[in-house]
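The values are calculated or read from the model by the stated rules, or taken from the named source; none is laboratory data. Since we're looking at a predicted model, the values are computed, not measured. For neighbour counting, all protein chains shown are included, and Cβ atoms are generated from backbone atoms with ideal geometry for every residue, glycine included.
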Amino acid sequence: MGKALDGVRILDFTHVQSGPTCTQLLAWFGADVIKVERAGAGDITREQLRDVPGADSLYFTMLNHNKRSVTIDTKNPEGKLVLEALIQKCDVLVENFAPGALDRMGFTWERIQELNPRMIVASVKGFGPGPYEDCKVYENVAQCVGGAASTTGFDDGPPVVTGAQIGDSGTGLHLALGIVTALYQRTMTGRGQKVLAAMQDGVLNLCRVKLRDQQRLERTGVMKEYPQYPNGTFGEAVPRAGNASGGGQPGWILKCKGWEHDPNAYIYFITQAPVWVKICNVIGREEWATHPDYATPDARLPRLKEIFAEVERWTMTKTKFEAMEILNKYDIPCGPILSMKEIAEDESLRKTGTVVEVDHPVRGKYLTVGNPIKLSDSPTEVTRSPLLGEHTDEVMAELGYSPAQIDALRTAGAI
Ligand code: COA
């Protein structure tokens, strides 16, 4: 079976996490992704957080599946010529260098357009145009400037960053969507275009509901779905809401059996309005189903702490999986807090290809997260990440270089 992006060639100038997330997705959808790295060094993550001496790190291998690796010194004049040939051959150039780095290499938007007017140039940057556009940015900086940190954590503690890499991987996802959209538009216009995904913008997009709440707070001075209500105070900005869903269906994280020794013996429990009667029955508080203080969502809002404490008395008598099984029977939305160990061992995630075991010639077998997006006509086969420069000769030959020319370029330090 063919792949959705068969025939699309990506010149992959990405490194670390945000850009590689994007190009890995494109590779999983069938694009030929040619990753350009510096000879002798490569993507810095190859050697970061190493767990097997001499082997590419999991940081690198888990973000660079299904790609080819070529080494080119793009500051070497002859290396630049190779890069020009690649620009003429590829459809998309993806990069997440620090601002201005591509221009400093001599590959401005204008120059790239001269070489290939159909080329789409896609970039991740920390910030969009404005006062911070020249700043280098990493994951947690993006979480802080995109509104996630100020709205994550508990009211009585400092801002908190989340383990989900919404700044890096989140922005990579945004960029991938921008690229396929630009490719689609190119089928009609014949032209390439610039695609920019700024990490601050990507995080803010994922925090959209918090900007919603900011405006609600300004209008009403109070947010009844937040744990600060009814006894706490609200300031000028959306506060941290702990584990509250903050939406129309109140939720909280509750202890389950074993919580004293297992840090993940918890369940997320949602008091969804349509199943309120069933919740009352399950926890043994049948009278709450009709009691005016509890029967309606509005009546419950000022009593959420008491209600969750009562539900917790019930969840503490069950393991998180027992609780989930019982609650699911009644369509009561809930979710056990799964540890990474539990996820790694989850058979159903292995079956769907969401968790995949990959074999690597240097490090051996390891687990990775496969493609979370499943296309029925374009199934993903996860193949290992490339060794540094593994495909240099192959790609050079495709560009028309002879073995003697390749040797000469290597001797000159261009590749
Ligand atoms: N040959 C020659 N030079 C190369 C090269 C190659 N194949 N590949 C990269 N380089 C050079 C670049 O041209 C640049 O040189 P310059 O500074 O002289 O212009 C240099 O390597 C370093 O690139 P830079 O992007 O500045 O790396 P860094 O390690 O200093 O910064 C980041 C890392 C992530 C902070 C920065 O790239 C950044 O802010 N990127 C945008 C936001 C982003 O994606 N952040 C999240 C990363 S997960």
Count of residues meeting criterion [within 13 Å of the ligand (Cβ to nearest atom) and either modelled with pLDDT under 95 or among the aromatic types (F, W, Y) (or both)] in the stretch 107-132: 3
Meets criteria (at pLDDT 95 or above, within 7 Å of the ligand (Cβ to nearest atom) and aromatic (F, W, Y)) for Y138: yes
The one condition in (1) of a type in the set (D, E); (2) closer than 26 Å to C256 by Cβ; (3) in contact (Cβ under 8 Å) with a residue 60 or more places away in the chain that D377 fails to fulfil: (2)
Residue check, G170 of a type outside the set (A, V, I, L, M), within 16 Å of the ligand (Cβ to nearest atom) and surrounded by fewer than 14 Cβ atoms within 10 Å (Cβ to Cβ): no
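Among A198, A149, which is the only one that is surrounded by 21 or more Cβ atoms within 10 Å (Cβ to Cβ), of a type in the set (A, V, I, L, M), under 20 Å from P129 (Cβ atoms) and out of contact with any Leu (no Cβ under 7 Å at 6 or more places or on another chain)? Full working, then the answer.
Working: A149 fails: under 20 Å from P129 (Cβ atoms).
Of the residues listed, the single one that is surrounded by 21 or more Cβ atoms within 10 Å (Cβ to Cβ), of a type in the set (A, V, I, L, M), under 20 Å from P129 (Cβ atoms) and out of contact with any Leu (no Cβ under 7 Å at 6 or more places or on another chain) is A198.
Scan the stretch 237-268 for residues that are outside any strand (DSSP E or B) and under 30 Å from the mean Cα position of the chain (by Cα) and report the count.
20
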Of the criteria (1) of a type in the set (S, T, Y); (2) without any contact (Cβ under 8 Å) to a residue 24 or more places away in the chain; (3) surrounded by 13 or more Cβ atoms within 10 Å (Cβ to Cβ), which one T233 fails: (3)
Output for the stretch 79-95, where each listed residue is among the small types (G, A, S) and either in contact with a strand residue (DSSP E or B) (Cβ under 6 Å, 6 or more places away or on another chain) or surrounded by fewer than 20 Cβ atoms within 10 Å (Cβ to Cβ) (or both): A85
Answer residue from the stretch 61-85, given it is polar (S, T, N, Q) and in contact with a His (Cβ under 7 Å, 6 or more places away or on another chain) and is nearest to the ligand (Cβ to nearest atom) among those: S69
Qualifying residue in the stretch 92-106 (condition: assigned to a helix (DSSP H, G or I), more than 9 Å from the ligand (Cβ to nearest atom) and modelled with pLDDT of 95 or more): no
Residue list for the stretch 177-221, restricted to those being of a type in the set (A, V, I, L, M, F, W, C) and in a strand (DSSP E or B): V195, L196, A197, A198
Matching residues in the stretch 36-56 - criterion: being surrounded by 20 or more Cβ atoms within 10 Å (Cβ to Cβ) and either in a loop (DSSP other than H, G, I, E, B) or within 10 Å of the ligand (Cβ to nearest atom) (or both): V36, E37, G42, D43, T45, D56
Residues (touching a strand residue (DSSP E or B) at 6+ places or on another chain (Cβ under 9 Å) and either among the small types (G, A, S) or free of Cβ contacts under 8 Å to residues at least 24 places away in the same chain (or both)) located in the stretch 103-128: A122, S123, G126, G128
Residue that is farthest from the chain's Cα centre (by Cα), among those in the stretch 289-320 that are surrounded by 15 or more Cβ atoms within 10 Å (Cβ to Cβ) and more than 24 Å from M223 (Cα to Cα): W314
Residues of the stretch 1-39 that turn out to be in contact (Cβ under 8 Å) with a residue 60 or more places away in the chain and more than 20 Å from Y184 (Cα to Cα), as a count: 14
Members of the stretch 3-19 that are assigned to a loop (DSSP other than H, G, I, E, B) and either more than 20 Å from R46 (Cα to Cα) or away from the ligand (no atom under 16 Å from the Cβ) (or both): K3, A4, L5, D6, G7, V8
